[in-house]
1. Quick check, is D130 more than 16 Å from the ligand (Cβ to nearest atom) and either farther than 19 Å from L226 by Cα or at pLDDT below 95 (or both)?
2. Out of curiosity, is L177 under 15 Å from the mean Cα position of the chain (by Cα) and without any contact (Cβ under 8 Å) to a residue 40 or more places away in the chain?
3. Read through the list (1) touching a helix residue (DSSP H, G or I) at 6+ places or on another chain (Cβ under 8 Å); (2) in contact (Cβ under 8 Å) with a residue 12 or more places away in the chain, then give the number of the only condition that I282 fails.
4. Does any residue in the range 140-158 that is under 14 Å from R194 (Cβ atoms) and touching a residue at least 40 places away in the same chain (Cβ under 8 Å) come within less than 9 Å, Cβ to Cβ, of a residue that is near the ligand (Cβ under 10 Å from one of its atoms) and charged (D, E, K, R) six or more places away or on a different chain, and which pairs are these?
5. Out of all the residues in the range 287-340, which are surrounded by 13 or more Cβ atoms within 10 Å (Cβ to Cβ) and of a type in the set (K, R)?
6. Among the listed residues R169, R157, which satisfies the condition of being touching a helix residue (DSSP H, G or I) at 6+ places or on another chain (Cβ under 8 Å), away from the ligand (no atom under 16 Å from the Cβ) and under 19 Å from D88 (Cα atoms)?
7. Being part of a loop (DSSP other than H, G, I, E, B) and within 15 Å of the ligand (Cβ to nearest atom) is the filter; apply it to the range 43-80 and report the residue that is farthest from the chain's Cα centre (by Cα).
8. For the range 225-244, which residues satisfy the criterion of being in contact (Cβ under 8 Å) with a residue 60 or more places away in the chain and outside any loop (DSSP other than H, G, I, E, B)?
Amino acid sequence: MAIDLRSDNVAPVAREIMAAIAEANHGPAAAYGADDWTGLLQERFSLLFETPVTVLPTLTGTAANALSLSLMAPPFGAVYCAQGAHVDLAECGAGEFFTGGAKLVPLEAEHGRLSPEALERALAGAGRGDSHRVQPAALSLTQATERGTVYPLDRLRSLTAIARREGLRVHMDGARLANAVATLGCSPADATWRAGIDVLSFGATKNGAMCADAVVVFDPALAGELRYRAQRAGQILSKMRFLSCQLLAAVADGLWLRLARDANRAARRLADGLAGIDGVEIVHPVEINQVFARLPGAMRERLERGGVVLYPPAGGVTRLVTAFDTASADIDRVLAEAAP
Ligand SMILES: Cc1ncc(COP(=O)(O)O)c(C=O)c1O
């Protein structure tokens, strides 16, 4: 059978989450989020994050990001993010559209991580008060990053402290927050609002859900508009219970972290094995479930012949992504095919 390392999006649904969908599939339930699952979700996430939160399930991470940004930035706002951020490069302008025109401003990053210095430089030159320029409004940080790295908590806190000092709101794109928390070994609260995050896009789809991410609002002052904006965005599902039950199952008994740990472990095994093969260069620290590597052309051909499915390289770099269901034996087979 093929081993598909293109993305964690290619993975199936975790057994526990599929069971939760089947369990929710009985009888009538109130529509548009007035159901018991969505009610319970507010409580469960408030417990998980150790503070009262508003949770809005969404069908996609893009919707979660765009809605989150729409709570924070006016049409004339600037939203700072790292170069290569998904919100900037891979969401077809959804952030700009949902904010009514705010501008995503990508800043220099190393291994996907923004530095406090880069943010300070951007803010110093932002042209505050100049009506010809967009005005600093928000900072969007991806945790874990698009390059498979994780912001340590002190780096996060330094960035959000600058944002707060300058009156910016802070968004976290947590499409892979589970993988980051698994690596950091900290509490979800420490990883988010205690580190200065106002609104989180909580990802579950890449980590075993069928189709459920969420906007999690930590600052109650930002929560009031969410429902209306979500309705306009087509994200208030009539059968919301089927999204909410996925998120409930994801966080029940720490499943989200178990799945993320399994995915991370598989990537570690893959990176360690590849690093030992001549001609392979691992280009970013491997801190979650993604390995970015320069692979010799002949190796890519051997892998493809051996049934390993990969996206084409970008700038000579191949991204190999593991998921919760990637077995150690799969990785060993990949390494056997990779070896000259
Ligand atoms: C970092 C990051 N954020 C957001 C998303 C968006 O998720 P979706 O594809 O569900 O819209 C992705 C998807 O690849 C992602 O990698």
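1. The answer is yes for D130.
2. Numbers: under 15 Å from the mean Cα position of the chain (by Cα): yes; without any contact (Cβ under 8 Å) to a residue 40 or more places away in the chain: yes.
So L177 fits the description; yes.
3. The failed condition is (2).
4. From residues that are under 14 Å from R194 (Cβ atoms) and touching a residue at least 40 places away in the same chain (Cβ under 8 Å), the pairs are Q143/D173; Q143/R176.
5. R294, R300, R302, R319, R333
6. Answer to the selection: R169.
7. Only one residue tops the list, namely L59.
8. Within the range 225-244, L226, R227, R229, A230, R241, F242, L243, S244 qualify.
The values are calculated or read from the model by the stated rules, or taken from the named source; none is laboratory data. Every value quoted in this text rests on a predicted model; they were computed, and no experiment measured them. For neighbour counting, all protein chains shown are included, and Cβ atoms are generated from backbone atoms with ideal geometry for every residue, glycine included.
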